[in-house]
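Working notes for the structure below.
The values are calculated or read from the model by the stated rules, or taken from the named source; none is laboratory data. In this text, all values refer to a predicted model and were calculated from it rather than measured experimentally. Here the Cβ positions follow ideal geometry from the backbone for every residue, glycine too, while neighbour counts run over all protein chains shown. Ligands, DNA and RNA are excluded from the accessible area calculation, which covers all protein heavy atoms including side chains. Shrake-Rupley method; radii C 1.70, N 1.55, O 1.52, S 1.80 Å.
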Amino acid sequence: MIPKYPFKDIETKWQARWEETGVHQPDLGHPKRKLYSLTMYSYPSGDKLHIGHWYNYGPADTWTRFKKMQGYDTFHPQGFDAFGLPAENYAIKHGVHPAKSTADNVATMLRQLCEIGAMYDWSNYVDTSHPDYYKWTQWIFLKLYEQGLAVQEEAPVNWCPGCQTVLANEQVKEGGNCERCGTTVIQKELKQWFFKITRYAEELLEDLDRIDWPERTKTMQRNWIGRSEGADIVFKVAGVPDKEISVFTTRPDTVFGATYMVLAPEHPLVNEITTDYRCQEVETYQARARAMTELERIAMGQEKTGVFTGAYAVNPFTREDIPIWIADYVLISYGSGAIMAVPGSDERDFEFAVKYGLKIVEVVSPDGQTHGIDQCYAGEGIALNSGKFTGMPTNQVFEGVVHRLERMRQGGGTIQYRLRDWLISRQRYWGAPIPVIHCDNCGVVPVPYEDLPVLLPEDIDLAAAQGQDVSPLATVDSFVQVACPDCGGEAARDTDTMDTFVDSSWYFLRYVDAGYTEGPFNPERVRDWLPVDMYIGGAEHATMHLLYARFIVKALRDAGLLHFDEPFLSLRHQGIITNQGAKMSKRMGNVVSPDDFISKYGSDVFRSYLMFMGPYHEGGDWNDSGITGLARFQERVWKLIQLPERAESESGSDLLRLLHMTIREVTNDLEALRFNTAISRLMEFANALSGSECIDRQLRDCFIQLVAPFMPHLAEELWELSGHGESVFSSKWPEYAPELCQAETITLGVTVNGKRRGEVTVDKNADEDTVLAASRNVESVQRHLAGKEIVREIVVPGRVVNFVVQ
C-alpha cells in the first residue's frame, strides 16, 4: 500500500535541497545556449504576495524549467521594486519608516517566493531601495544629463493634493481623479525634470516591427507615440508683424477653410495679443482651465468652451483676418499649443463654430459637388473653395499646399508625435534622490560621480511633512544644505525624487551581476546574456514601463554602454485574476492570499491549479472550487509512478503511442504557454495508466519529466525514488517519435448529394468497402438514404464520403 503523498515534507525537503546545492544558480560566464527568462518584479508595498503574483510567477517558472530541460542555459532572476508612493503611504499609515516596513515586507515576500518552488537565482536579486542599487539609478540619470536627455523645465503638471505629488498623464483616471487615492487632480506650474524620450519617437516606432510582442501591445505603443504626417503653417498676427502663431495640421489641404484659430489658455502669446476689452474674460477663463486636468479638458463628450481674445490672425492662403480664440480643449503640451480651426472639415471645430456663430466654409466634398454647411465632412475627396486647387483631389492639394508654404517660408511638411517627454520628478521621500545641486552662482550642477549615492536622510518625520506642499526632503536642512561642487559656495540639493519607473527601466541589466561595484551593470555579463529572451508581465505596463525600458536601452546604447537596441525580444502577458469581478489590489483590499492554499494543498497543486483555470493570457475570476481536482491528480501521479516496474517493454503498445502523442502535445502547449491544455494532456495520460498493476521504466521516466515543470517538488521526489542521482531538471526533455503519433483511426465527413449529413470514424487503413459500409450505418446518413436509389458512391481518402442519390 503506497502511503498518501506527504506534500509538506516533500516540498520543504526539495526547497532546502535546491538552496543548499545552488542548482538554480546558473554559471553566468559565457553560456553556450543562453535563455534569459524574466518576470516583472514585485512591489513590497504590502506585507504579502497575492494570487495575482503567483499567476505571473508560477507559470513563468514552469516555462523556464521546460526550457532548461530542453538544454538551454537558463537565467531566471527575481527582485523587488521597493521604492515608490505605495510603500511610503504604507509606512505612514503604520507609523514606521519606509526602510523598515519595506525590509519587513521583502522578508515576508522572499519566504513566499521560495514557496512557489521557482528556480530563481537568489544570488543575484535586486532591491531598488537599497543604496547599492539606487546609486546606479542616479548614475544613469547623470549619463542622460550628459547626453542632453535629462532636462529641467517649467511645465503645467498634474498635481494630486492627496498624494502631494506630481502624476504622469497615465496616472490620472478618466474623470480627473488620482488612480491611487481617488483625489481630484489639479493643474500646477512647476519646474520639473524630464527625460527626452521624444528624441527616440521614430526609432521606438520602427523597432516595434522587429520584436516578438503581442500585436495589441505594439498597437498601444504605436498609438501612444502617435506619429502624424502633416505640415507646419505659420499665421501672422494681424497688425502685429513680429508676432506669429505656428500650428501643426495633418490636413494642410483644408487651410482654405481655416476661419478662426484657437490657442491653449496657457499659450505665452495669449497675454500679449489679448485686447484690453477682452482681458478680464480671458483671465477668468485661464483660471478655470488651470483647475482642470488635461484628461478632463480633452474628454469625449466634454462641452467645448472658449473666449475670443479680440485679436486676429492672417490666413496665409485666403489673406483673410480670422479671429483668435482660446479654448481648454487645446493643450499647451501638445504640438505648439495652437490650432487652425476648419469647421467645414472637423467635427470638434464645427461644434465650436456653430456654438459661437463663427464662419464655416466647405472646402472638401466627397464627390466634388457642393453639399452646404449644415454639417462637416471630415473625409478626403475633391477640393472646393480652395483657390487654384479647387477641383483637385485631396492628396494633390496636400502636396501643393506644402510646396507653397515652403516657397512662402511660412511652414512646410513635417512629422509630429503625440508622445510627450517623460516627467520623472516626484515630490515624495521614498525614491532615488535626483543627483543635482542648485547654486546661485553656477546654476544647475550635477553631483560628481564619485559622490554617489546621494543618500536619503533617515531622520525625517514623514507624517509631519505631509500637507506642506513641498517635497518631504525639503524639510530636512541637513539634506538640502550642501556646498556647490564647482565653486564651493552655499547651495541646495534638488529635493525631488525620481519616478519609480526609472528604477524599473534598467533593473534587468543589473540582475546578471547584482553585486557588481564598478558600474550599474557588468558589461561582460551583459554581452553574454542580454537582451532578455522572454519577458512575462501585465499588459497594463504597455505605455509606461515597457516603453520607458526601451527608451533607456537606446539611450545607454548611444552612450556606448550597450550593444543592443531592444531590452525584451519576446513578451507575453498573463491575464488578470479578479475577485468578484474586480482586479485584485492591495489598495482595494480584495486580494486573496495563497498562504492558506499552500498550507492545505501545497505549492505544486496551487501553481498547477492557477495554470489549469483557463488560457493564461485571459485570466479570470478567482474560484477555488476546482483545486481539489488538481490535488487528486497529484495523488494519482504519486501512486502510479511508484507501481512495480514492468518486466517487458511497452514497445508498440497503445500506451506507448499515447505517451508519444502526449509528449508532442505537452511540448507544443508549453512552447505556446498553453498551460491549461498541457495539464489536460497529462491528466488524460494518467487516466490511461489508471488500473495498471505495473509500469514500464521508460514510460515512467518520461511521465515524471513531463510533470516536472508543473509540479517540480513532486517530480524531484519521484525522480529520486526511481533511482536517478541528478535533478530531474538536469535530464533531457523527452522527444516524441513522429511515427508513433499517427492516429490509428480517422474521421471522415459523410455527404448526401453534396450536403453534409454526418461523419464516420474508421481504421486509418480501412479499405473502401469497409468505409462505405460504415458510412451507410451512420444513423443521420441512413435517414437521407432511406427510400432513395444510390446512383454513385465516392470515397475521397482521408477526407469525405459522398453518396449521390435520386
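Using a 1.4 Å probe on the protein heavy atoms only, what accessible surface does TRP733 show? Give it in Å² to the nearest 10.
Estimated to the nearest 10 Å², TRP733 gives 10 Å².
Apply the Karplus curve 6.51 cos²θ - 1.76 cosθ + 1.60, θ = phi - 60°, to the phi angles in the stretch 359-369 and return the couplings in whole Hz, x for Gly and Pro.
For the stretch 359-369, the Karplus-derived couplings read 5, 10, 10, 7, 10, 9, 10, x, 10, x, 9 Hz, x marking Gly and Pro.
Dipole size in debye (nearest 20) for the stretch 1-129 around its Cα centre, Lys and Arg Cβ +1, Asp and Glu Cβ -1? Walk me through the numbers before you get to the answer.
Numbers: 14 positive and 14 negative charges, 84 e Å.
Approximately 400 debye in magnitude.
Decide, for the chain, between rounded, prolate and oblate: order the square roots of the alpha carbon gyration tensor eigenvalues as a ≥ b ≥ c, take rounded if a/c falls under 1.5, and otherwise choose prolate if a/b is larger than b/c, else oblate.
Oblate, because a/c is 1.5 or more while a/b does not exceed b/c.
I'd like the GluC sites (Glu not before Pro) in the stretch 514-550 restricted to DSSP loop residues with at most 10 other Cβ atoms within 10 Å, sorted by number.
Counting only loop positions with at most 10 other Cβ atoms within 10 Å, the GluC sites (Glu not before Pro) in the stretch 514-550 are GLU518.
Say each of ASP767 and GLU272 gets a label point 7 Å from the Cα, pointing the same way as Cα to Cβ; how far apart are those two points in nm?
So the label points at ASP767 and GLU272 sit 9.8 nm apart.
Taking the Cα centre of the stretch 507-594 as the origin, how large is its charge dipole in debye, to the nearest 20, when only Lys and Arg (+1) and Asp and Glu (-1) carry charge on their Cβ atoms?
440 debye
What is the calculated FRET efficiency for ALA464 to GLU618, with r their C-beta to C-beta distance and R₀ = 56 Å, to the nearest 0.05?
Between ALA464 and GLU618 the formula returns 0.75.
Roughly speaking, what is the stretch gain from VAL96 to GLN642, that is 0.36 nm per residue apart minus the C-alpha to C-alpha distance, in nm to one decimal?
191.3 nm is the gain from fully extending VAL96 to GLN642.
Using just the helices of the chain, give the 222 nm mean residue ellipticity in deg cm²/dmol: DSSP H runs with n ≥ 4 each add -39,500 (n - 2.57), and the total is spread over all residues, rounded to 500.
Numbers: 27 runs with 281 residues, N = 806.
Helices in the chain give a 222 nm mean residue ellipticity of -10500 deg cm²/dmol.
I'd like the GluC sites (Glu not before Pro) in the stretch 232-319 restricted to DSSP loop residues with at most 12 other Cβ atoms within 10 Å, sorted by number.
Here the sparse-neighbourhood loop sites are GLU303.
Identify the trypsin sites (Lys or Arg not before Pro) of the stretch 371-449 meeting these criteria: DSSP loop state and at most 12 other C-beta atoms within 10 Å of the C-beta.
ARG409
Note down the relative contact order for the chain as a percent, whole number, built from C-alpha pairs under 8 angstrom at least six residues apart.
14 percent
May I ask you to give the percent of accessible area on the chain that is carbon plus sulfur, with a probe radius of 1.4 Å?
47 percent
What is the distance in Å between the Cα centroid of the stretch 351-406 and that of the stretch 500-528?
About 55 Å separates the Cα centre of the stretch 351-406 from the one of the stretch 500-528.
Taking a virtual spin label 7 Å from the Cα of LYS188 along the C-beta vector, which residues in the stretch 130-172 bring their backbone nitrogen under 18 Å of it?
The answer is 152-172.
Between GLU735 and LYS355, what is 0.36 nm times their sequence separation minus the Cα-Cα distance? Round to one decimal in nm.
Separation in residues times 0.36 nm, less the Cα-Cα distance, equals 129.6 nm.
How would you classify the stretch 50-120 from its alpha-carbon gyration tensor, with a ≥ b ≥ c the square roots of the eigenvalues: rounded for a/c under 1.5, else prolate if a/b is greater than b/c, otherwise oblate? Walk me through the intermediate numbers first.
Details: a/c = 3.20, a/b = 2.87, b/c = 1.11.
Note, shape of the stretch 50-120 comes out prolate.
Please list, ordered by chain and number, the residues whose modelled amide H lies under 5 Å from the amide H of VAL364; skip anything fewer than 5 residues away on the same chain.
Those lying under 5 Å, H to H, from VAL364 are LEU384.
Normalised by the residues of the stretch 703-800, what does the relative contact order come to in percent, with Cα pairs under 8 Å and at least six apart?
Here the relative contact order equals 21 percent.
Send over a whole-number figure in Å² for the accessible area per residue of the chain, probe 1.4 Å.
43 Å²
Could you calculate the FRET efficiency of ASN441 with THR745 from 1/(1 + (r/R0)^6), where r is the beta carbon distance between them and R0 is 60 Å, rounded to 0.05? All intermediate terms of the calculation are to be shown ahead of the outcome.
Details: r = 89 Å, r/R0 = 1.48.
The formula returns an efficiency of 0.10 here.
Which lysines, on any chain, are close to LYS13 with Cα under 20 Å apart, when same-chain ones fewer than 8 places away are left out?
Here the lysines satisfying the reach criterion relative to LYS13 are LYS4, LYS600, LYS639.
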